[in-house]
Amino acid sequence: IPDKIIPCPKKGSGTPAQKGTREYFGALAVGMWKDNMGKAQVMAGASRNATTNAEAESHALAQCNATGKNCVIVGRFQNGGCGFVSTGRNGTGVTSATGQTPEEAFTTCKNSGYSCSHATGGCTNRP
């Protein structure tokens with residue numbers, strides 16, 4: 001379970017785009033599972049600049065599930081917003097942390113007592 005989740009925008013919230021302006025959506029996904037030896041595993045996926053929230057989520061889940069399992073959406077961002085996720089492990093398990101910058105995600109993960117990966121993610125375009 002992620003240590004920090006970027007709040008999901010409520011329907012109709014976020015930066016409003018002008019009528020006829022393309023909007024840009026991004027999403028973060030994380031999956032955690034135990035392998036055949038019982039060792040905890042973690043994988044993340046991210047997408048950005050999708051045309052809908054559903055498309056962004058689908059791409060993030062597909063990227064995560066390509067090599068992971070049990071992937072779920074842990075963050076959404078749009079219209080110039082940013083989202084990053086860092087995954088980590090220690091002797092007792094795995095974790096993930098999200099943030100609006102790679103440094104924030106990595107630091108939050110590391111400060112939880114885990115050896116963490118560099119964050120993946122990005123920023124969406126502004127309409």
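The set of residues from region 65-85 being open to solvent by 30 Å² or more (accessible area, probe 1.4 Å) and not in a loop (DSSP other than H, G, I, E, B) comprises 65, 72, 73, 76, 82.
Among the candidates 121, 81, 113, 68, which residue alone is within 9 Å of the chain's Cα centre (by Cα), modelled with pLDDT of 95 or more and not charged (D, E, K, R)? Result of the check over 121, 81, 113, 68: 121. Every test in (1) buried (at least 20 other Cβ atoms within 10 Å of the Cβ); (2) among the polar types (S, T, N, Q); (3) part of a strand (DSSP E or B) is passed by residue 41 save one, and that test is (1).
In region 45-64, the qualifying residues are those that are touching a Leu at 6+ places or on another chain (Cβ under 7 Å) and part of a strand (DSSP E or B), and the one that is most open to solvent (accessible area, probe 1.4 Å) is 46.
In region 102-114, the residues that are of a type in the set (Val, Ile, Thr) form Cβ pairs under 6 Å with partners that are open to solvent by 70 Å² or more (accessible area, probe 1.4 Å), at six or more places apart or across chains, as follows: 108/3; 108/4.
Is it true that some residue in region 4-23 is open to solvent by 60 Å² or more (accessible area, probe 1.4 Å), of a type in the set (A, V, I, L, M, F, W, C), outside any strand (DSSP E or B) and at pLDDT 95 or above? No, region 4-23 contains no residue that is open to solvent by 60 Å² or more (accessible area, probe 1.4 Å), of a type in the set (A, V, I, L, M, F, W, C), outside any strand (DSSP E or B) and at pLDDT 95 or above.
Would you pick out the residues in region 91-103 that are out of contact with any Pro (no Cβ under 7 Å at 6 or more places or on another chain) and either hydrophobic (A, V, I, L, M, F, W, C) or open to solvent by 60 Å² or more (accessible area, probe 1.4 Å) (or both)? Break it down stepwise before answering.
Step one: of region 91-103, the residues out of contact with any Pro (no Cβ under 7 Å at 6 or more places or on another chain) are 91-95, 99-103.
Selection gives 91, 92, 94, 100, 103.
The values are calculated or read from the model by the stated rules, or taken from the named source; none is laboratory data. Keep in mind that this is a model prediction, so the values were computed, not measured. All Cβ positions, glycine included, derive from the backbone under ideal geometry; neighbour counts span all protein chains shown. Heavy atoms of the whole protein, side chains included, go into the accessibility calculation; ligands, DNA and RNA do not. Shrake-Rupley method; radii C 1.70, N 1.55, O 1.52, S 1.80 Å.
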